[in-house]
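See structure below.
Where a number appears in this text, it was derived from the coordinates with a stated rule and is not lab data. These numbers come from a predicted model, not from an experiment.
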Amino acid sequence: MPARRLIVLLCLTGATTTVSIGAFPALLPELGATAALADWQLGAVAGAFGLARMLSNVPVGLFITHHLWRALLLSPGLTLAGALLLASGGGFVTLMLGRALMGLGHTLCTLGGLTAILRYRAGPGLASSLNAVEFSAMLGVLSGATLIGVLPRTVPWNAALLLACAPMVANLFLLPALRRALPAPEGPGRPIFARSQADAEPREGGGPPAPGSGGFLAGLAVAAGAAIAVSYSTVEQFAIPLRGSREFGLDRAGIARLLMLAQVVDVATLLPLGALADRRGTPVVLGGVLLVFSLALALIGFGTLPMLAVGCALFGFSMAGWMLPLGILRAVTPPAQIAWRTARYRVSVDGGMFAGPFVSGLLTVRHAGVLPGVMLVVLAAVGLALLARVRLTARSR
């Protein structure tokens, strides 16, 4: 199978899908003001995207086991339908439903792309392949934030959102090439939902999953993914937009510039960090990234405006490690169960994507610093546990 061609196509679909994700945070204050939403409602709308992904991960993972191509086919239509519903500017329930549909479409795209890579591209270059797809996705996020930053302020928020969603139309033209790059679709008689493939393809690089400490490492990978997700969604969809506008008087362009700073650093470090993980080992690199992330949370949650800017740069570097837990998980997962295990992992990640802004919305009036404070401790603890595990493994050898 032409692995490089598949990676390129997944990069293109990821980039076009994530433009709207980059645009949404800077539009959040205007959306809330237009719809007259309370803080908890604003957090719920922001978190509905992650909630929909969390609830859909397991059924989508079971579906993808034998129907990977069909999942990728459904993704653009559902995402665009959700964007149109969100941009209609209806009430709280309508906004929630639009964000939820966008979350479901993004689940099909993300989980389908990750399953394709983990199933067909496992081996020494896995971390680089995962980070290449994440690199393209972050280019899309950066493009969305840039678009919001350069649009005239007279453009309504819903029109700006639709402009950010327009690149997703390109996915409709990429689908035929993506179908040719994937193995032949499953024949008739395959179950709609399944946990594993009876005739799974051999993983690239060969060999069985790593034995022994696999359960502990898998647990740390899941904990790292969940902690990164809670922290990421809290910072990008709540802390930076609302601290920037309420405490420092920044308009949408100023908020977009802070988000762009994080995304530029993320894009610049993604590929080098993936190569470093392939060379030095994913656990040790991920452990260091989590420690940097804890420092970033401290600066963003409690610092002055210049410290907030430094925190945004460190936040961008930390987000370059977003895919690293999957590399650990892949090493301890049988090839036949890739879609199922990845879906379960994504439940914790997308649960964190929902919990971050939702809990922030509940706490922001009186206890705004509680969630960032808790999460920086959690990130540091998981990072130290990964580094300690690597050190103990090296000594035992």
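If you wrap a convex hull around the C-alpha atoms of segment 76-119 and split its volume per residue, what is the figure in Å³?
On the way: hull volume 1.9 nm³, N = 44.
So the per-residue Cα hull volume is 43 Å³.
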What ³J(HN,Hα) values, in whole Hz, does the Karplus curve 6.51 cos²θ - 1.76 cosθ + 1.60 give for segment 332-338 when θ = phi - 60°, with x put for Gly and Pro?
10, 10, x, x, 5, 10, 4
Which one is right for this structure if Kirkwood radius over Cα pairs in Å is calculated from it: [x] 25.9; [y] 22.2; [z] 21.0?
[z]
Note, segment 32-45: 3J(HN,Hα) by Karplus (6.51, -1.76, 1.60, θ = phi - 60°), whole Hz, Gly/Pro = x, goes x, 5, 5, 8, 6, 8, 6, 4, 5, 5, 4, x, 5, 5
Spelling out what I want: for every residue of segment 48-62, take phi, set θ = phi - 60°, compute 6.51 cos²θ - 1.76 cosθ + 1.60 (Karplus), and round to whole Hz; glycine and proline get x.
4, 4, x, 5, 4, 5, 4, 6, 8, 4, 5, x, 5, x, 5
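For Cα pairs less than 8 Å apart in space and 6+ apart in sequence, what is the mean separation divided by the residue count of the chain, i.e. the relative contact order in percent?
29 percent
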Add -39500 (n - 2.57) for each DSSP H run of 4 or more in the chain, then divide by its residues: what number comes out at 222 nm, to the nearest 500 deg cm²/dmol?
-26500 deg cm²/dmol
Long-range amide H partners of Leu151 with built H, under 5 Å:
none
